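Okay, so here's the structure we're looking at.
No value in this document is a laboratory result; all are computed from the given coordinates. Here the structure is a predicted model, which means the values were calculated and not measured. Glycine gets a Cβ as well: all are built from the backbone with ideal geometry, and neighbour counts include every protein chain shown.
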Amino acid sequence: MTDFPADGFALFPDRSVVALRVDGELKDLATTVTADDEVEPVTIDSADGLSILRHSTAHVLAQAVQRVKPQANLGIGPPVTDGFYYDFQVDEPFTPEDLKVIKKEMERIVRENQRFVRRVVTDEEARAELADEPFKLELIGLKGGSAEAAEGASVEVGAGELTIYDNVTRDGETAWKDLCRGPHVPGTRLIGNGWDLTRIAGAYWRGSEKNPQLQRIYGTAWPTKDELRAYQHRLEEAAKRDHRKLGKELDLFSFPDEIGPGLAVFHPKGGIIRYEIERYMRERLLANGYDVVNTPHITKGDLFMTSGHLQWYADGMYPPMVLDTT
């Protein structure tokens, strides 16, 4: 029998439980609940558990980057399908050698078993604590679930309380902190060794080319090393079957620079394959009662005004045709 109020550690001592769902809302395992609350355990291998694991690993990545490059400014670090990323503003782009150094620092942080400790703050307190983080300050101004808070900002600010997570060492010292809604795994050691950094890319702040370009580091995280290896094996197998690789090896198609990236020119073998696919599609469509129609490749601008395309894409996709009547 559990005495209430109690926290998640008391209710679910199993180490596979990394968070709680309290009355339908995800909470940290350290959350105190009462006997009237509806509480469910969130295990690390569940969909929610994986997202929490990956988001926590993104925080470790950000802490490691600021240990290696103290002047780096923090962007956003959400979980994504099969992994996570974190954006940074740095003086020089990251290199593969930088990733090796950052990964070593992440391993140290994991071993340190820092606790993720949630702390509610006011807007003013958050601005004071994050005064050196211009992108975080911008997010604070978006609190309240604004539609402008795009590109993963929902992991940091929303309609509820504004919170900061402290990474607390065994000695009780705050080693690092970040603006975040959470939840997180209880401590960095639970992240284990089932993670890796995968690639570097450029990314505009909040997804707009009008904003500064940041450096994005991608990674992946899984509950175990074996699951990480299985994921990496799937990627290797997919790479062997990449259409660009097979197209070149089998002389099916190419992407000439003169035409543009992603615009395929089908060679005779590839042309036959495409013809057979199109022929089969037509046969199946006609067999299922579809009719054959054709429409012009060009039309009056009024049609695209009705659809809204012309207002948004006039310059890039729908330049008007000018007829020389002289």
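Charged neighbours of Ala230, selected by a Cβ distance under 15 Å, balance to -4 (K, R count +1; D, E count -1).
Separation of the alpha carbons by more than 24 angstrom is noted, of Lys100/Lys136; Lys100/Lys240; Lys103/Lys225; Lys104/Lys245; Lys103/Lys177, for Lys100/Lys136; Lys100/Lys240; Lys104/Lys245. Only helices reaching 20 angstrom along their own axis (Cα) with mean Kyte-Doolittle hydropathy no lower than 1.6 count here, and not one DSSP H run of the chain does.
If neighbour count is taken as other Cβ atoms inside 10 Å, put Tyr86, Tyr165, Tyr280 in order from fewest to most.
By the 10 Å Cβ count, ascending, the order reads Tyr280, Tyr165, Tyr86.
Sorted fewest first by neighbouring Cβ atoms within 10 angstrom, Trp222, Trp176 come out as Trp176, Trp222. Site-free segments of the chain were taken between trypsin sites (Lys or Arg not before Pro) in DSSP loops having at most 16 other Cβ atoms within 10 Å, sites themselves excluded; the longest one is 16-169.
Which of the three applies to the stretch 148-233, rounded, prolate or oblate, going by the alpha-carbon gyration tensor with a ≥ b ≥ c and a/c under 1.5 meaning rounded? Oblate, because a/c is 1.5 or more while a/b does not exceed b/c.
Dipole check for the chain: with +1 at the C-beta of Lys and Arg, -1 at the C-beta of Asp and Glu, and the Cα centre as origin, the magnitude is about 1100 Debye. Dipole orientation for the chain: of the candidates Ile259, Ile191, Ala128, Ile259 has the Cα lying most toward the positive pole (charges on Cβ; Lys, Arg +1; Asp, Glu -1). Would you mind telling me which residue in Leu310, Leu139, Leu26 has the biggest mean-square fluctuation in a Gaussian network model of the chain, where springs connect alpha carbons within a distance under 10 angstrom? Checking each option, the largest mean-square fluctuation is seen for Leu310. The dipole here belongs to the stretch 242-294: it is taken about the Cα centre, uses +1 on the Cβ of Lys and Arg and -1 on the Cβ of Asp and Glu, and is about 140 debye.
Largest GNM mean-square fluctuation across Asp82, Asp291, Asp242, computed for the chain with C-alpha springs under 10 Å, falls on Asp291.
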